[in-house]
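Single-structure report; data block below.
Values quoted throughout were computed directly from the atomic coordinates according to the rules given, and no laboratory measurement underlies them. What you see is a predicted model; the values in this text were computed from it and never measured. As a convention, Cβ positions derive from the backbone with ideal geometry for all residues, glycine included, and neighbour counts pool all protein chains shown.
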Amino acid sequence: MEIAGKIVCDIIDSNIVFGIVAVVFSFLAYRHTKERFRLDLLDKRWEVYEKVLEFCSRVTQYGGLPKHCDDDEERNKSILAALMASESSFRGIGYHKARSLFGTDIHGKLDKLDKAYSFFITYQDNSHDKHDQQRAHLSFVWETVNDLPEIFKPYIYFGDFKQRSVRNAILSFTLGLIGIALLIVGIYVGIHAISFIIY
């Protein structure tokens, strides 16, 4: 009977260790899944970021969104690119993309960019009597271009992600080997327990 009691204690001890390893694996799987989700969103968020940057850069370059000019094809292409960038980032389908990908902090900035866009389209070359409003909108767009990396940082910056992912991969591999070893030990102890009980 003494041997059977020792075997039962060994089985309980191995189950406790196995349970602890399972908890550690669950935590690492959670962290990996969370980082993977962030990586999946990065491409979509980066596209919106690029389009906002393109729109702001073009508006800053031309001091607004001037009308089509027959003499300057390069300017026309540039303005068209700005209009398309706005549709991909904060107008049209871009509006809905941004709402689903970012928080309210970004929504507020994009709403202000949309108001600037509306002003520039409405008063393309006839904004002489709206000089103060135009200057305010241009100033906001200029500030947005300069602050864009900081504004989007919570959504697209990964900092030392590469270093962390390598460290996590090594840790996961090591814990995997330990888990396999513990599983083998658990099976071994279980087989011996059964063989002692049978014989």
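Numbers for the structure displayed
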| read-out | value |
| --- | --- |
| Rough spin-label spacing in nm, given labels placed 7 Å along Cα→Cβ, for Arg36 and Thr174 | 2.3 nm |
| Packing-based exposure ordering (other Cβ within 10 Å, fewest first) of Phe152, Phe37, Phe90 | Phe37, Phe152, Phe90 |
| Close Lys-Lys pairs in segment 55-136, where close means Cα under 17 Å and separation is 8 or more or interchain | 5 |
| Summed residue charge, Cβ within 15 Å of His107's Cβ, Lys/Arg positive, Asp/Glu negative | +4 |
